[in-house]
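Below is one structure, written out as structure tokens; the observations come after it.
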Amino acid sequence: MALVTSQQLSRYYELYMNIDVTFNKQVTRAIGLQTKQTFIRFLGYQLPCVIYSSSMAGAKVLANITKDLFQRIRKANNLVSLRFCFQGTEKSDPLSFFVAARIMGFSPYSRDKPDLNFIILKYTQRPSDDLIAILGQLLEANINSKKRKEERIDINPQSIRKMNLSSREAILLVDETPRKGILRDLSFSGAKVIVSGSSQDLMNKPIRLKIAFDDGKETHTLSGKIVRFDEIQDQTEIGVAGIRFDENEVPMEYKMRLNEYLVTLRKPTG
């Protein structure tokens with residue numbers, strides 16, 4: 001995660017406070033949420049839970065609530081603390097913190113599992129700056145992936161360094177056959193890649209583009225198809241492939257990387 005200034009935190013809180021983020025598999029992976037280390041604490045008791053969603057104002061979690069636990073919660077006047085835990089980079093320890101909250105209601109998950117309940121939480125104060133930063137960067141990236149989806153990032157030494165790209169090299173899988181490529185530019189919606197081939201061989205072919213970051217420690221795979229192929233003058237069977245990504249398959253981590261870079265350019269984000 002990028003460093004976030006107090007000004008950015010205030011902006012995130014003002015703009016996104018009440019927007020819920022559903023913690024599906026893609027989001028959970030992108031933000032490094034440690035699902036087995038989250039729980040609700042009250043009166044010295046720790047109740048394991050699954051965080052289903054969260055905003056900067058509240059959360060929805062899933063937990064087993066027995067009759068005895070219902071009584072304990074009432075005794076606590078519905079006041080609890082929700083523990084979040086996120087895994088940082090390989091060299092850093094997990095980030096964990098509590099957010100004070102009040103239970104606003106319960107909703108049974110299913111008739112087959114009467115003890116399993118959705119618990120609706122409202123935070124009793126502004127949450128940790130860490131939570132605001134994590135949710136704010138995620139939401140901003142998702143919004144900008146639509147508002148600025150056609151904005152191109154030229155791949156050059158500066159952008160490679162700032163985005164932590166391993167290099168300009170990429171792998172293009174066409175009909176599951178790998179071809180080495182060189183990145184020309186990237187956007188939320190697509191890419192241009194110098195690759196061997198011809199228009200006849202590549203146009204409208206479904207592809208997967210593999211891009212490596214952090215010296216190869218992280219690789220993103222982007223699915224799409226080649227919508228344009230411009231041959232390079234005086235070159236045989238080499239051209240620039242224009243790729244359009246399948247917007248429903250673009251990894252959240254990729255969106256966040258591009259958004260982080262675009263924000264550093266100090267361009268308006270909406």
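Evaluate the following for Val27: is it modelled with pLDDT of 95 or more, in contact with a Phe, Trp or Tyr (Cβ under 9 Å, 6 or more places away or on another chain) and among the β-branched types (Val, Ile, Thr)?
Details: modelled with pLDDT of 95 or more: yes; in contact with a Phe, Trp or Tyr (Cβ under 9 Å, 6 or more places away or on another chain): no; among the β-branched types (Val, Ile, Thr): yes.
No.
Kindly indicate whether any position in segment 196-206 is exposed (fewer than 14 other Cβ atoms within 10 Å of the Cβ) and within 25 Å of the chain's Cα centre (by Cα).
Checking segment 196-206: at least one residue is exposed (fewer than 14 other Cβ atoms within 10 Å of the Cβ) and within 25 Å of the chain's Cα centre (by Cα).
Within segment 134-149, which residues are closer than 14 Å to Thr28 by Cα and among the β-branched types (Val, Ile, Thr)?
Ile134
Just the residues that are loosely packed, with under 13 Cβ neighbours inside 10 Å and in contact (Cβ under 8 Å) with a residue 40 or more places away in the chain, please, taken from segment 62-86.
We begin by selecting, within segment 62-86, every residue loosely packed, with under 13 Cβ neighbours inside 10 Å; these are 66-68, 71, 74-75, 77.
Of everything in segment 62-86, just one residue is loosely packed, with under 13 Cβ neighbours inside 10 Å and in contact (Cβ under 8 Å) with a residue 40 or more places away in the chain, namely Thr66.
I'm told Ala59 meets every condition in (1) crowded, with 19+ Cβ neighbours inside 10 Å; (2) not in a strand (DSSP E or B) except one. Can you identify the failing condition by its number?
Result: Ala59 fails condition (2) only.
With segment 123-206 as the region, which strands (runs of 3 or more DSSP E) entirely inside it contain at least 3 residues that are in the same structural domain as Asp246 (by TED's automatic domain parsing), among the β-branched types (Val, Ile, Thr) and under 25 Å from Phe229 (Cβ atoms)?
Details: elements: 169-174, 177-186, 190-196.
The qualifying strands (runs of 3 or more DSSP E) are 190-196.
Give me the residue from segment 227-270 that is of a type in the set (Val, Ile, Thr) and without any contact (Cβ under 8 Å) to a residue 40 or more places away in the chain and, out of that set, surrounded by the fewest Cβ atoms within 10 Å (Cβ to Cβ).
Taking segment 227-270 as the starting set, the residues that turn out to be of a type in the set (Val, Ile, Thr) are 227, 232, 236, 238, 240, 243, 250, 263-264, 269.
Keeping just the survivors that are without any contact (Cβ under 8 Å) to a residue 40 or more places away in the chain gives 227, 232, 236.
On the way: Val227: 13, Ile232: 11, Thr236: 8.
The extreme case among them is Thr236.
Looking at Phe23, Phe39 in this structure, which one is buried (at least 16 other Cβ atoms within 10 Å of the Cβ) and over 22 Å from Met256 (Cα atoms)?
Working: Phe23 fails: over 22 Å from Met256 (Cα atoms).
None of the other options fit; the residue is Phe39.
Test of understanding: among Arg126, Arg161, which residue is within 16 Å of Thr264 (Cα to Cα) and out of contact with any strand residue (DSSP E or B) (no Cβ under 8 Å at 6 or more places or on another chain)?
Numbers: Arg126 fails: within 16 Å of Thr264 (Cα to Cα).
Checking each option against the conditions leaves just Arg161.
With surrounded by fewer than 16 Cβ atoms within 10 Å (Cβ to Cβ) and modelled with pLDDT under 95 as the only criterion, which of Arg161, Arg126 stands out? Give the steps one after another, and end with the answer.
Values: Arg126 fails: modelled with pLDDT under 95.
Result: Arg161 is the single residue among Arg161, Arg126 that is surrounded by fewer than 16 Cβ atoms within 10 Å (Cβ to Cβ) and modelled with pLDDT under 95.
What are the residues in segment 5-20 that are surrounded by 14 or more Cβ atoms within 10 Å (Cβ to Cβ) and not in a helix (DSSP H, G or I), if any?
Within segment 5-20, Met17, Ile19, Asp20 meet the criteria.
The values are calculated or read from the model by the stated rules, or taken from the named source; none is laboratory data. Nothing here was measured: the structure is a model prediction, and the numbers come from that model. All Cβ positions, even for glycine, are placed from backbone atoms using ideal geometry, and neighbour counts span all protein chains on display.
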